[in-house]
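Everything on this sheet refers to the single structure shown next.
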Amino acid sequence: MSFGADQLILKKPPASSGKYYPPQSNKFEYVSVMHEVSEEYMRRLSDSMKALRIFLMQGDVQKAKEAGEQVVERVKGTEAICSKCHTDKTVVDRIHGKDHEQALASIQRLLKEPQPNKDAIFRAMSVIGQSCNRCHNLHLVPAMVQEAFRK
Ligand code: HEC
Ligand code: HEC
């Protein structure tokens with residue numbers, strides 16, 4: 001069984017406003033965002049990205065293809081959770097927009113070639129990496145700050 005988006009479970013439903021307000025509070029909680037995204041899923045995601053990089057460097061095409069499939073599947077898993085809190089697609093598109101989609105599609109396409117062009121794959125991976133950073137900066141960093149100052 002694959003470790004998919006269905007395992008990134010939200011503990012509470014988002015408010016219909018498209019923002020996430022916990023019950024008993026009218027201030028939004030960044031901290032909640034941090035707990036909704038599983039650390040384990042994130043670790044697997046970054047492990048498969050590292051594996052893809054290593055196998056491409058080593059020229060192990062078969063293993064690179066397998067790692068690449070996992071990368072694509074796991075990145076798509078992160079896309080699936082946005083809509084649990086955001087109803088506004090333009091907000092989501094600021095992270096998972098055209099560049100992100102094209103990068104993911106090109107990783108898939110490039111890995112189908114008999115001798116994948118690793119430089120092109122690395123370029124696409126760095127576009128994906130920017131999406132990771134954006135999501136972390138928008139959700140994870142404020143969550144950590146909020147948690148640190150709460151106590
Ligand atoms: C939904 C927005 C979101 C996206 C997109 C996202 N992350 Fe994360 N990431 C998080 C959150 C939230 C945490 C904190 C999870 C926790 O500690 O419970 C996290 C934590 C992590 C961690 C630390 C896990 C640990 O060991 O503590 C790594 C590594 C990571 N992300 C890698 C990635 C990579 C690589 C990508 C892009 C392919 C990515 N993330 C995309 C939200 C995101
Ligand atoms: C658990 C709820 C939750 C999830 C899941 C989530 N977000 Fe957010 N997001 C928030 C909250 C809360 C804020 C900060 C409040 C706001 O501005 O709406 C925010 C802010 C943002 C912002 C900045 C909005 C602005 O107006 O500045 C963007 C862009 C964004 N999220 C994109 C995403 C994307 C893309 C994903 C999926 C990879 C995602 N979010 C997943 C709750 C979530």
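The values are calculated or read from the model by the stated rules, or taken from the named source; none is laboratory data. Note that the structure is predicted; figures quoted are calculated from it, not measured. Here Cβ is always computed from backbone atoms with ideal geometry, including for glycine, and neighbour counts include all displayed protein chains.
Key figures
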read-out	value
Which listed residue, of Leu45, Leu56, Leu104, is buried (at least 18 other Cβ atoms within 10 Å of the Cβ), in a helix (DSSP H, G or I), near ligand 1 (Cβ under 8 Å from one of its atoms) and not polar (S, T, N, Q)	Leu45
Lys50 vs. criteria surrounded by fewer than 13 Cβ atoms within 10 Å (Cβ to Cβ) and of a type in the set (Lys, Arg)	yes
Count of residues meeting criterion [within 16 Å of ligand 2 (Cβ to nearest atom), within 23 Å of Glu101 (Cα to Cα) and out of contact with any helix residue (DSSP H, G or I) (no Cβ under 7 Å at 6 or more places or on another chain)] in region 38-77	4
Qualifying residue in region 80-100 (condition: in a helix (DSSP H, G or I), among the polar types (S, T, N, Q), over 14 Å from the mean Cα position of the chain (by Cα) and surrounded by 15 or more Cβ atoms within 10 Å (Cβ to Cβ))	no
Given (1) over 20 Å from Leu45 (Cα atoms); (2) acidic (Asp, Glu); (3) modelled with pLDDT of 90 or more, number of the condition Glu66 does not satisfy	(1)
Test: Asp99 is within 16 Å of ligand 2 (Cβ to nearest atom) and charged (D, E, K, R)	yes
The listed residue being at pLDDT 95 or above, surrounded by fewer than 17 Cβ atoms within 10 Å (Cβ to Cβ) and basic (Lys, Arg), out of Arg123, Arg134	Arg123
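Condition check ((1) among the charged types (D, E, K, R); (2) in contact (Cβ under 8 Å) with a residue 60 or more places away in the chain) across all residues:
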position	(1), (2)
Asp47	yes, no
Ala80	no, yes
Thr90	no, no
Gly97	no, no
Leu104	no, no
Ala124	no, no
Pro142	no, yes
Glu147	yes, yes
